[in-house]
Amino acid sequence: MRKMLAAVSRVLSGVAQKPASRVLVASRHFANDATFEIKKCDLHRLEEGPPVTTVLTREDGLKYYRMMQTVRRMELKADQLYKQKIIRGFCHLCDGQTLLPMQEACCVGLEAGINPTDHLITAYRAHGFTFTRGLSVREILAELTGRRGGCAKGKGGSMHMYAKNFYGGNGIVGAQVPLGAGIALACKYNGKDEVCLTLYGDGAANQGQIFEAYNMAALWKLPCIFICENNRYGMGTSVERAAASTDYYKRGDFIPGLRVDGMDILCVREATKFAAAYCRSGKGPILMELQTYRYHGHSMSDPGVSYRTREEIQEVRSKSDPIMLLKDRMVNSNLASVEELKEIDVEVRKEIEDAAQFATADPEPPLEELGYHIYCNDPPFEVRGANQWIKFKSIS
């Protein structure tokens, strides 16, 4: 009898030691999946588009929620480090916390619709894509602070981050689009069943080189998904003031296109799956316009309120937050509980704080490494510095 009472006591004490929320989550039965209606895409030169309903599994929902929260908290920390003058130079953010851009559904939804072996290239608002392509928060924040542990060894900064099958982070407006078409050409030339997602903003959409890339991609039927992230403002100029036609998904003319709700991760995921399948079938390129929004200015130096009203910003915030949209869907469909999602929030905050400590404590790269990594798999050679008497060794 005493042994039985002791065993019961141990079990009860073990339960008491666990946080009440964890016990509650563990004891609750959740649905494995749920079906949701999503907004129909506008189509150009397509007879049918992505589905208007989709299934979200509990596993995927929790994964998407964690990824979007991580991107948001990471960018909030970058905002804080920039204002503390720990991050220097250019810094373009892509999240939706307080007054920052709200584009997490774009980077997470696009990644959910492709394979890890597919390729992606974007402009300078690249932190979220760098994370979804597989790099850690530590590597991203350390790159922003210019430390050796950064993904580009502290030499690239905000606009030049790279990962496997991720080609940046490019600072020249629109210049990444012909490069993306070139990556798609390599996929086709090598006979690989891969596609390249080539992203640019509405501000870059009027660049002549983009239309040249459209033409070549269509002529050669390249597996390229051209993606215009339309956040309504190119720097401080609204799309209506910058473009005679704001139907960016029709800009390819002879290339089929679709306009997608870029604030809904499920819309973005299904549209990306549709576009990727179209390209893999050998039909050539396709164009996607993601309708999204940025709360913040174009960059950290832009307050973002001189060319639009605070009421406009607040209206979008209250109706279209992509994380809140996913959270409400999951809770209302019994895919997750509020307590479980709060636990994820706490874990994400801790991960971000640990990464920030690393990014501020890690050493900066020494001056003698300035010429390293210019070429890959080449023997060491000397690089001229600021004048002919200064030499740096280049090591691959």
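The values are calculated or read from the model by the stated rules, or taken from the named source; none is laboratory data. These figures come from a predicted structure and were not determined experimentally. Don't worry about glycine lacking a Cβ; one is built from the backbone with ideal geometry, like all the others, and counts go over all protein chains shown. Only protein heavy atoms, including side chains, enter the accessible area calculation; ligands, DNA and RNA are left aside. Shrake-Rupley method; radii C 1.70, N 1.55, O 1.52, S 1.80 Å.
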Checklist entry - If you take the residues of the range 185-214 that are farther than 25 Å from residue 262 by Cα and among the aliphatic types (A, V, I, L, M), which of them is least open to solvent (accessible area, probe 1.4 Å)? => result 186
Checklist entry - Name the residues in the range 352-368 that are open to solvent by less than 100 Å² (accessible area, probe 1.4 Å) and either of a type in the set (Ser, Thr, Tyr) or assigned to a loop (DSSP other than H, G, I, E, B) (or both), would you? => result 360, 362, 363, 365, 366
Checklist entry - Which one is farthest from residue 194 (Cα to Cα), of the residues in the range 233-246 that are open to solvent by 100 Å² or more (accessible area, probe 1.4 Å) and free of Cβ contacts under 8 Å to residues at least 12 places away in the same chain? => result 241
Checklist entry - For the range 245-259, how many residues are modelled with pLDDT of 95 or more and under 19 Å from residue 203 (Cβ atoms)? => result 8
Next on the checklist: Among the residues of the range 260-301, what is the count of those that are over 20 Å from residue 240 (Cα atoms) and either modelled with pLDDT under 95 or in contact with a His (Cβ under 7 Å, 6 or more places away or on another chain) (or both)?
Outcome noted: 4
Checklist entry - Among the residues of the range 170-213, which ones are part of a loop (DSSP other than H, G, I, E, B) and among the aliphatic types (A, V, I, L, M)? => result 172, 173, 175, 195, 204, 205
Checklist entry - Restricting attention to the range 247-285, and to residues there that are closer than 22 Å to residue 110 by Cβ, open to solvent by 50 Å² or more (accessible area, probe 1.4 Å) and of a type outside the set (D, E, K, R), which single residue is nearest to the chain's Cα centre (by Cα)? => result 277
Next on the checklist: Checking residue 242 against (1) under 24 Å from the mean Cα position of the chain (by Cα); (2) at pLDDT below 95, only one condition comes out false. Which one?
Outcome noted: (1)
Item to check | Pick from the range 60-76, criterion open to solvent by less than 10 Å² (accessible area, probe 1.4 Å) and of a type in the set (A, V, I, L, M, F, W, C), ranking: nearest to residue 139 (Cα to Cα) | outcome: 74
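Residue-by-condition table, conditions (1) touching an Asp or Glu at 6+ places or on another chain (Cβ under 6 Å); (2) closer than 24 Å to residue 248 by Cβ; (3) modelled with pLDDT under 75; (4) surrounded by 14 or more Cβ atoms within 10 Å (Cβ to Cβ):
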position: 3; (1), (2), (3), (4): no, no, yes, no
position: 9; (1), (2), (3), (4): no, no, yes, no
position: 32; (1), (2), (3), (4): no, no, no, no
position: 43; (1), (2), (3), (4): no, yes, no, yes
position: 58; (1), (2), (3), (4): no, no, no, yes
position: 78; (1), (2), (3), (4): no, no, no, yes
position: 84; (1), (2), (3), (4): no, no, no, no
position: 92; (1), (2), (3), (4): no, yes, yes, yes
position: 98; (1), (2), (3), (4): no, no, yes, no
Next on the checklist: Restricting to the range 144-164, name every residue that is without any contact (Cβ under 8 Å) to a residue 60 or more places away in the chain and out of contact with any Asp or Glu (no Cβ under 7 Å at 6 or more places or on another chain).
Outcome noted: 160, 162, 163, 164
Checklist entry - Any residue in the range 369-383 that is part of a helix (DSSP H, G or I) and open to solvent by 80 Å² or more (accessible area, probe 1.4 Å)? => result no
Next on the checklist: Looking at the range 173-184 only, could you name the residues that are among the β-branched types (Val, Ile, Thr) and open to solvent by 10 Å² or more (accessible area, probe 1.4 Å)?
Outcome noted: 173, 183
Next on the checklist: Consider the range 215-232. How many of its residues are open to solvent by less than 80 Å² (accessible area, probe 1.4 Å), over 20 Å from residue 118 (Cβ atoms) and in contact with a strand residue (DSSP E or B) (Cβ under 7 Å, 6 or more places away or on another chain)?
Outcome noted: 2
